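Q: Take this structure first; my questions come after.
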Amino acid sequence: MKHLVLIAVLGLAGCSSMPEFLRPAANVTTPEARAPNAPPPDANTEDALDTTTEEERSAALAAPEPAGERELGTTVASLGSPTEPGIWMATPLVTAVTPGRVVAENGKSVQLELRPLDGPPTAGSRISLPALRLLEVGLAGLHTLTVYAR
């Protein structure tokens, strides 16, 4: 039994000197495994991470139909995952995916997908990089947003 443990320890110790082609892959993301419209793995700028189309941005900035829209409240939001594509906000103010709109303190408004986020209604929210860019509030920091659902 001692010999088996010794062999296992020595075998693992030699892994770092193992040729690359023999080492196990470390969570490799293939293009097929990425979400549609996800930025490339080497994206590292705002422009590269924002994969929304001009049509998607125009639709998000279009004036909403006020009929049927209801205010859900105010939330403090920070940047969500910059690699998650789309114009969205994850917030505890909704319990199901819902079309909605947010208005920043600067008066800018964007239509987006509201996604549920576990937590009390007073907890903060996370918003997509494209949505923050359209709101023109900057990517860093916390942003107070008024949230509406349709």
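Derivation of every value follows stated rules applied to the coordinates shown; laboratory data play no part. Not measured: the values here are computed from a predicted model. Every residue, glycine among them, receives a Cβ derived from its backbone with ideal geometry; neighbour counts consider all protein chains shown.
Q: What's the exposure ranking of GLU55, GLU113, going from fewest to most Cβ atoms within 10 Å?
A: GLU55, GLU113
Q: Quick one: compute the contact order of region 28-150, relative version, from alpha carbon pairs under 8 angstrom and 6+ residues apart, as a percent.
A: It rounds to 32 percent for region 28-150.
Q: Work out how much length VAL76 to ASN37 would gain on full extension: take 0.36 nm times their residue separation and subtract the Cα-Cα distance, in nm to one decimal.
A: Gain in length upon complete extension: 11.4 nm.
Q: Let me ask something else about it. Can you give the FRET efficiency for THR122 and ALA48, using 1/(1 + (r/R0)^6), R0 = 30 Å, r = Cβ-Cβ distance, to the nearest 0.05?
A: With R0 = 30 Å, the Cβ-Cβ based efficiency is 0.30.
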